[in-house]
There are 2 protein chains.
Amino acid sequence: MRQPVGDAAPNGRPGRARRPGARESILDAIRASEPLSRVELAALTGLTEAAVSMTVRRLLEEGLVVETGRAPTGGKPRTLLRLDPAARLAVGVYLDQDTTTYVLTGQTGGVISRLARPATDVSGSLLADLTADVDVLLAGSGVDRARCLGIGVVWPGPRGGSTEEGPPRLRGWDPDDLGRRLGATTGWPVLVENDATAAAIGEYWVARVGPEQAFAALYMGGGLGAGIIVEGRAMRGGHGAAGEFGHVCVQVDGPECWCGSRGCLEVLAGPRTVTAAALADPATAAEAGLDHTGRRSVPADFAAVARAAWAGAPRCLALLEDSARYVAAAAESVVNLLDIDLVVLTGPGFAAASFVYGPAIQRRMAAADARTWRRSVTVTVSLAAATASATGAAALVLQSHLRR
Amino acid sequence: MRQPVGDAAPNGRPGRARRPGARESILDAIRASEPLSRVELAALTGLTEAAVSMTVRRLLEEGLVVETGRAPTGGKPRTLLRLDPAARLAVGVYLDQDTTTYVLTGQTGGVISRLARPATDVSGSLLADLTADVDVLLAGSGVDRARCLGIGVVWPGPRGGSTEEGPPRLRGWDPDDLGRRLGATTGWPVLVENDATAAAIGEYWVARVGPEQAFAALYMGGGLGAGIIVEGRAMRGGHGAAGEFGHVCVQVDGPECWCGSRGCLEVLAGPRTVTAAALADPATAAEAGLDHTGRRSVPADFAAVARAAWAGAPRCLALLEDSARYVAAAAESVVNLLDIDLVVLTGPGFAAASFVYGPAIQRRMAAADARTWRRSVTVTVSLAAATASATGAAALVLQSHLRR
DNA sequence: TAACATTCTTAAGCTACTGAACGAAGTAGG
DNA sequence: CCTACTTCGTTCAGTAGCTTAAGAATGTTA
């Protein structure tokens, strides 16, 4: 949501904070905790029952919400409300290095259909390809196009996707510009975001995390990123560059990073470093089935190492466990700094290797959690970690529409 | 602001986000950028000129704001508005280990008068002492008590103030309970906060930081903490424990910390570690004029080391520079993670040794800033670093009243 | 002195919410 | 089955806080 391209809503930059509003509060409460009755909504949102009643009626008329069943009480039973999954749709696009993934989701974030295309290298055709593929996705799904709220576009972002100096450009495009143009050609609002933040919003949406949870999604793709959501709001920072988890320092005088600093997590324990180490040692490379000739993308190679480790290959496992020690330390730093309640591992990297990283992070935090902080941090793995970015892109649209 | 003790305002916990409101937007804009005219306020806040006009009239009637001078334009000149510093007052109390500091400030955060008392060890008399001392402070200042908005109470918090296990209790008191009781005995609203967050809010207020700046105040007292303010809101985390800067990990397998983890910044580079190292080496201790018999508080000993280093003592300087390397790395992590624009060093520790820590942090970030992130992070030292907590406690009250 | 530029004010109206009373839909007891 | 009771949801008038639109105030410029 760097810019609500194609949308009239000003991004709050010049001025005061956005207003909550009954509509948003209610939809968000239902999203996080459906089914809910009107009285429960009043209690959860702090609105009066009258306000809830009026707002819910409008939501029912719009078809966003449906009444579904009742819950017995001492008196009149509660009528339970849910989001109608098919009432609104969103398209998510993930522009990965070598693949472009499209998903069509319903209002609750559930995937309706999917599409994957190899990335086209002809930079001039990117816009046309996207437009055509979104069209194919919608046509093939047989849904009412009028119900589609917009398109979320996610790209790997500046974080770690590149060893060149400076933030990488997306196949020659400026992301915001691409979003604006795509909005013009398709007629839909287009929202642009980086992979980690999108994955966090997707997880927040699909896994029904509530705004009372301080939440961090750690994302491993070509690099390491973090999406942070506190009080229901994604932290994007002063220049939209927050979440550079890969550049948390875990060793003061560590090796130099491409970013110009030293000891960054990514250079010590990032997926690129893991795969490079696997390739550098013939025995390890053999375990993972890697060689220099048939080299694929970083996430693909990393997944090969993870699969080998899962199958019992000791050298691959050792590589991952070494990496996980660093990642766990950095994760603990984030949790301590922001008082995070919930850590979710997501993205293709963690999807493949969560069996190592998950326990490592839990182990690292367990001691101090109970002993000092009197908290208990939950560490989980995303249910759809491998495709988190694409569904996150769609959730981006859902999230923004809720605040229409 | 862990709890608005004695205040009726619910802390937003059950329900939706707080509303901004014209009054708050306007007062905050004037605070950050006075003097301002009504049209400028309209542009800054996003309100209409009509709304600004009405709201300002009310503020003028209340005496919070005054008209002061005019600025020529092509047409009718602008009438400039300022906060009236003396219109409202706030009391800040800092409960340090061995001293209790009281300040009385005006509406702009300027200190009107001060009071310091040695900490009483009789835990039963703390409440009575506070009540009496606040009374003395106000009486001695000759101000209208009705103008006082409330009392902010700040304590060193769980962070690093103790080597015992578990969060330390404040001379036997639960901070929230103390606040509640103090509110009852004095009749004023009492807000309770930890030192680092309070210092951040104080700096935000006094130094006129605007909400568009993502801002971190690094605080060194008995330990290391951070107050983080993004979009004008202090980050307190899920359980009010955010800002544990001292427990950012800067060495994966570093020495064990009292918190139960390893390689925490505080155990490698905190003030306690620096003073312990100075005492352990006789030559260094001699430079700093320290010995085991006349040992004082951690901040006092640390200040002695810093003074010696400033005077040219090489061993003391080396100790501080070693500490600063770690602090700089951790600061860089925070900046990268949250896309921070402005870092302010504050608290007695940094007040004494900023000549080492400031340049070290700037050096560490300069390379990657220009090369990779295309940002420029400002690192400054608080103007009143040594008393930041007490003025921050008062600012806490001002901040909360603005949102009455 | 008239025309213009800009700032600030006034007045009517709109939107979204609140408060309080009321209607609706169940259970429990006789 | 009827009554009392409980809890849920709605209705309606009122209000706070804003916007839109018009206009008054206060300066400069030709």
Filter segment B:180-223 down to the residues that are of a type in the set (Ser, Thr, Tyr) and surrounded by fewer than 24 Cβ atoms within 10 Å (Cβ to Cβ), then identify the one that is farthest from B:Arg403 (Cα to Cα).
B:Thr185
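Matching residues to (1) more than 12 Å from DNA strand D (Cβ to nearest atom); (2) within 14 Å of another protein chain (Cβ to nearest Cβ); (3) more than 21 Å from B:Val209 (Cβ to Cβ):
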{"site": "B:Ile30", "(1), (2), (3)": "yes, yes, no"}
{"site": "B:Glu34", "(1), (2), (3)": "yes, no, no"}
{"site": "B:Glu40", "(1), (2), (3)": "yes, yes, no"}
{"site": "B:Gly46", "(1), (2), (3)": "no, yes, no"}
{"site": "B:Val52", "(1), (2), (3)": "no, yes, yes"}
{"site": "B:Glu61", "(1), (2), (3)": "yes, no, yes"}
{"site": "B:Val66", "(1), (2), (3)": "yes, no, yes"}
{"site": "B:Arg70", "(1), (2), (3)": "no, no, yes"}
{"site": "B:Gly74", "(1), (2), (3)": "no, no, yes"}
Of all residues being more than 13 Å from DNA strand C (Cβ to nearest atom) and exposed (fewer than 15 other Cβ atoms within 10 Å of the Cβ) in segment A:30-61, which is farthest from A:Gly109 (Cα to Cα)? Just the residue, please.
A:Glu61
Which condition does B:Ala313 not pass, out of (1) over 30 Å from A:Phe215 (Cβ atoms); (2) out of contact with any Lys or Arg (no Cβ under 7 Å at 6 or more places or on another chain); (3) buried (at least 23 other Cβ atoms within 10 Å of the Cβ), if it passes all the others?
(3)
Exclusive hit being assigned by TED's automatic domain parsing to the domain that holds A:Pro348, surrounded by fewer than 20 Cβ atoms within 10 Å (Cβ to Cβ) and of a type outside the set (Ser, Thr, Tyr), set A:Ala269, A:Ala286, A:Ala226, A:Ala303:
A:Ala286
For segment B:19-29, which positions are free of Cβ contacts under 8 Å to residues at least 12 places away in the same chain and within 13 Å of DNA strand C (Cβ to nearest atom)?
B:Arg19
If we scan segment A:146-168, do we find a residue that is away from DNA strand C (no atom under 16 Å from the Cβ), at pLDDT below 95, closer than 25 Å to A:Gly63 by Cβ and assigned to a helix (DSSP H, G or I)?
yes
Hey, does segment B:266-288 have a residue that's out of contact with any Phe, Trp or Tyr (no Cβ under 6 Å at 6 or more places or on another chain) and either within 11 Å of another protein chain (Cβ to nearest Cβ) or aromatic (Phe, Trp, Tyr) (or both)?
yes
Which residue pairs have Cβ atoms under 7 Å apart, sit 6 or more places apart or on different chains, and have a first residue in segment A:331-344 that is of a type in the set (Ser, Thr, Tyr) and a second that is at pLDDT 95 or above?
A:Ser333/A:Val248; A:Ser333/B:Val248; A:Ser333/B:Cys249; A:Ser333/B:Ser333
Scanning segment B:62-76 for residues that are near DNA strand C (Cβ under 10 Å from one of its atoms) and among the acidic types (Asp, Glu) gives B:Glu67
Restricting segment A:326-340 to residues that are touching a Lys or Arg at 6+ places or on another chain (Cβ under 8 Å) and facing another protein chain (nearest Cβ under 7 Å), which is farthest from A:Ala370 (Cα to Cα)?
A:Ala329
Scanning segment A:18-29 for residues that are surrounded by fewer than 19 Cβ atoms within 10 Å (Cβ to Cβ) and within 27 Å of B:Leu41 (Cα to Cα), which turns out modelled with the highest pLDDT?
A:Gly21
All-but-one check, A:Arg371 against (1) touching a helix residue (DSSP H, G or I) at 6+ places or on another chain (Cβ under 9 Å); (2) within 11 Å of chain B (Cβ to nearest Cβ), failing number (1)
Matching residues in segment B:192-248 (of a type in the set (D, E, K, R) and in contact (Cβ under 8 Å) with a residue 60 or more places away in the chain) number 6
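The values are calculated or read from the model by the stated rules, or taken from the named source; none is laboratory data. Since the structure is predicted, the reported quantities are computational estimates derived from the model, not experimental observations. Positions of Cβ are backbone-derived with ideal geometry, glycine not excepted, and every protein chain shown enters the neighbour counts.
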